[in-house]
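Below is one structure, written out as structure tokens, with a few remarks after it.
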Amino acid sequence: MFRASPDVFDFVTLHSARQAKPWTEEACKKRLLGKLREIKKRENLTVAAYVLLDDHAHFLLRAPTGHSCSTVVEALQTDFLDLWREASAQLPGLEHRSVVGAEQLRAYLDFIHYEPVRRGLVERAADYRWSSLPTRVVQGHYPEDWAALGPPAAISRIMR
């Protein structure tokens with residue numbers, strides 16, 4: 001199901017059931033981000049993008065060549081499970097898609113980084129602190145005013 005390859009990333013979504021919002025507290029998001037960093041280091045994972053929202057989280061990941069992404073995704077789910085149980089009585093749902101090629105990768109990066117604007121949490125995507133976008137702006141991968149004029153066209157392919 002999951003295959004690690006230099007040109008394949010995995011788009012993973014953890015979501016709550018029945019409109020629960022287990023991560024509304026800043027402390028919960030901090031712990032969740034800390035857990036992501038632990039898993040990244042332990043599994044030698046490439047994290048291309050992430051966004052943590054109140055009721056779900058998106059990750060764009062790549063396991064090291066020769067390693068199974070299923071192991072990484074299982075680690076994510078297992079490690080996040082304890083945090084999730086503290087915040088919600090519901091177990092998280094998990095969805096996964098393989099992302100292949102530069103065009104599809106760009107579309108998923110844009111989708112993840114634009115999600116806080118789409119959800120009405122911020123007006124500028126770079127202002128949402130629970131996303132990888134502010135770091136990518138500092139690194140020079142995105143301009144600070146990225147998507148200021150509206151959603152990137154590429155995300156329409158994902159939202160169908």
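Can you confirm whether residue 108 is within 23 Å of residue 12 (Cβ to Cβ), more than 13 Å from the chain's Cα centre (by Cα) and among the aromatic types (Phe, Trp, Tyr)? Spell out how you get there, then give the answer.
Values: within 23 Å of residue 12 (Cβ to Cβ): yes; more than 13 Å from the chain's Cα centre (by Cα): no; among the aromatic types (Phe, Trp, Tyr): yes.
Judged against the criteria, residue 108 is not a match.
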- List every residue pair whose Cβ atoms sit under 7 Å apart, with the two residues 6 or more apart in sequence or on different chains, where the first one lies in the range 149-160 and is surrounded by 12 or more Cβ atoms within 10 Å (Cβ to Cβ) and the second, anywhere, is among the acidic types (Asp, Glu). 152/110; 154/110; 155/110
- Any idea which of (1) at pLDDT 85 or above; (2) crowded, with 21+ Cβ neighbours inside 10 Å is the one residue 54 doesn't satisfy? (2)
- Task: Please tell me if residue 140 is at pLDDT below 85 and at positive phi.
- Result: no
- Item | Selected residue (criterion: surrounded by the fewest Cβ atoms within 10 Å (Cβ to Cβ)) from residues of the range 95-129 that are assigned to a helix (DSSP H, G or I) and of a type in the set (Gly, Ala, Ser) | 102
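The values are calculated or read from the model by the stated rules, or taken from the named source; none is laboratory data. Keep in mind that what you see is a predicted model, and the values were worked out from it rather than measured. With ideal geometry, Cβ positions are generated from the backbone for all residues, glycine too; neighbour counts draw on all protein chains shown.
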